[in-house]
Amino acid sequence: MKYSIDSIAFTNNLKDVNPKLKVLFSLLTLLVIVFSKSFIAPLLVFLISSYLIIFKAKVPAKVYFYLLLPAIGFGLFTVVFMGFWYGSEKIFSINLGFIEIGFTKEGLNQGILVFSRMLGGVSTMLFLALTTPMTQLFYVLRWLKLPKEFVDIAMMMYRYIFVLLDEFITMKNAQETRLGHKDIKTSYKSLGLLMANLFIRTWEKGEKLFITMSSRGYDGEIKVLKEIENPKLIYVIGIIIFEIFILIISILTSNIKVF
Amino acid sequence: MYMIETRDLYFSYPDGTQVLKGINLKVKKGDMVALLGPNGVGKTTLFLHFNGILKPTKGEVLVKGEPIKYNKEGLLKVRKTVGIVFQNPDDQIFAPTVAEDVAFGPLNLGLPKDEVERRVKEALKAVGLEGFENKPPHHLSGGQKKRVAIAGILAMEPEVIVLDEPTAGLDPIGASKIMKLLYDLNKKGITIIISTHDVDLVPVYADNVYVMYGGKILKEGSPKEVFSDVETIRKANLRLPRVAHLVEILNKKDKIPIEMGYTIGDVRKNLLNYIKEKC
């Protein structure tokens, strides 16, 4: 648990930066990237986010790249897949003996664009996830006027993930002690039992929680004490200028293609 | 007038199991009362009656001399007076940060924000957790979580605090720290009711002890009165405090007539008296 996203979010060097700014930055950047027709702007964002995460927030680079890995794997798959799926103008082909796969110019360009958007998007989201404690995000979600029920449930989910994780680990250890995971077959069986049990425990916890909350006067609505103050206008303007800058780059480079 | 009084209280769960069989209990203002009994005799069930979470099948519960009214206003009033700290703090602490969890009760009382902030600060100070405001509960130890749970009730400024097994699952130092905290709160005038089977801690702190077994109260009185009835104590699957047990053995087996005591302090005094007389 040393390097869980949660513990990093609580200890990184940017944890005290106003979460409203981080949310604004991440959401606007994501929006710009998704609509970008150029693969250069998302890559630029990827570099900037990575820089912020590794050098400003001081998140261990190993952890960051580990979290990026799924996105990279999926992205490469997309490049290859799109390369032979779309378009008609073949630029090269691979002979697999029984079948010939042709890669098209259009498809590859499209694939690279999607790949770069993926990198950029995942890195901005990781920036938010790794630098902002969830506890602060809940305040921002409330402030953004998301439905109360949604935020209340999210809050309790966050709290109880860790309680149930503990239960899970305890039960798994108890099973392993009694050789419940000695081979694949017993593992599947034990995992099934564990999940069923965890479900029942969750249910019981829910009932107990309702009792304890009623005991403190719960009437169906969770009221919250604190609010997050608004960031200084200058920072907001800074972020908007940054987004406009990325947008301009994205428009200027929209004709540049790899193939 | 008693802070909490139960009159001939019976309770059965919907499946028919009868848990409480005629409980009569009276708690005076400012007392520290211990409910002593082994697991599964209905201590928790009884506690859930004290603030109207459960409704008795027969009999009644009076808080400050008034029977509990089981409607919205009545329950809110009772929960303002009687706070329950549950055994497992993970069942109670639900908010993502310590401060928000402690603020939950006072906010439900409809207090203004600055008052809530003051109460949160004071409650955290009282339990010795200043500076933990923005920590998430899963970064805390068991003892710290227990303290947060107590702070969450303290912040509602109840007149009675009911604690279900406050020392369960804590290490010896943690357990005596919690008991010390409860003792201090009691000195400030808060009535405290605890359930426990820790017989060694009870005589040190409690003014009044109830022994509960099989859904009934077997005995009631000061720790001295209750523990001097060894037969009842053993019938209720409990035992004497270690020091008392030692004195009992010395009396019976070794024929050394030391006067009985139930705390280390008492036994030490009696032992010194005996030694002075003999030597």
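The values are calculated or read from the model by the stated rules, or taken from the named source; none is laboratory data. Keep in mind it's a predicted model, so treat the numbers as computed, not measured. All accessible areas refer to the heavy atoms of the entire protein, side chains included, with ligands and DNA or RNA removed. Shrake-Rupley method; radii C 1.70, N 1.55, O 1.52, S 1.80 Å.
Here are some notes:
- Relative intensity of the range A:121-259 on a log10 scale, I(q)/I(0) at q = 0.10, 0.21 Å⁻¹, equals -0.65, -1.33, per a Debye sum over C-alpha point scatterers of equal strength in the absence of solvent.
- For the range A:140-215, the share of accessible area belonging to carbon and sulfur comes to 70 percent (1.4 Å probe, ligands and nucleic acids excluded).
- With kT/(6 pi eta Rh) evaluated at 37 °C and eta = 0.692 mPa s, and Rh the Kirkwood radius from Cα pairs, the range A:82-186 diffuses with a coefficient of 170 µm²/s according to Stokes-Einstein.
- Solvent-accessible area buried by pairing A with B, both sides, nearest 100 square angstrom, 1.4 angstrom probe: 3000
- At least 50 Å² accessible surface lost relative to isolated chain, residues of the range A:195-218 (1.4 Å probe): A:Ile211, A:Thr212, A:Ser215, A:Arg216
- Crossing angle, helix A:40-51 versus chain A [Cα axis fit, 0-90 degrees, rounded to tens]: 40
- Mean residue ellipticity at 222 nm, helices only, the protein assembly as shown: -18000 deg cm²/dmol; runs of at least 4 DSSP H residues each add -39,500 (n - 2.57), and the sum is divided by the number of residues.
- Debye equation applied to the C-alpha atoms of the protein assembly as shown, log10 I(q)/I(0) at 0.06, 0.07, 0.10, 0.11 Å⁻¹: -0.45, -0.58, -0.94, -1.06
- Rolling a 1.4 angstrom probe over the protein heavy atoms with all chains in place gives the protein assembly as shown an accessible area of 52 Å² per residue.
- Choice from B:Asp171, B:Asp101, B:Asp15 showing the highest fluctuation, given a GNM over chain B with Cα pairs closer than 10 Å: B:Asp15
- Of the two radii for the range B:34-146, the radius of gyration is 1.01 times the Kirkwood radius, both from the alpha carbons; that is the Rg over Rh value.
- The residues of the range A:9-23 listed by number as losing at least 20 Å² of accessible area in the complex, against the isolated chain and with a 1.4 Å probe, are A:Phe10.
- With q set to 0.19, 0.21 Å⁻¹, the log10 of I(q)/I(0) for the range A:140-215, from the Debye formula over equal scatterers at the Cα positions, is -0.85, -0.94.
- Computed Kirkwood radius, in angstrom, where 1/r is averaged over Cα pairs of chain B: 20.0
- Between the Cα long axis of helix A:233-252 and the first principal axis of chain A there is an angle of about 40°, rounded to the nearest 10.
- Percent of beta bridges antiparallel (DSSP, the protein assembly as shown, rounded to nearest 5): 55
- Helix A:134-143 and the longest principal axis of the C-alpha atoms of chain A enclose an angle of approximately 80°.
- The range A:183-259, Rg to Rh (Cα coordinates; Rh as Kirkwood inverse mean 1/r): 1.38
- What the Cα convex hull of the range A:80-134 gives, in volume per residue, is 91 Å³.
- Geometric extent, Cα atoms of the range B:71-113 - Rg, Dmax (angstrom): 11.6, 31
- Compactness of the range B:110-267 - radius of gyration and Dmax, Cα, Å: 18.9, 66
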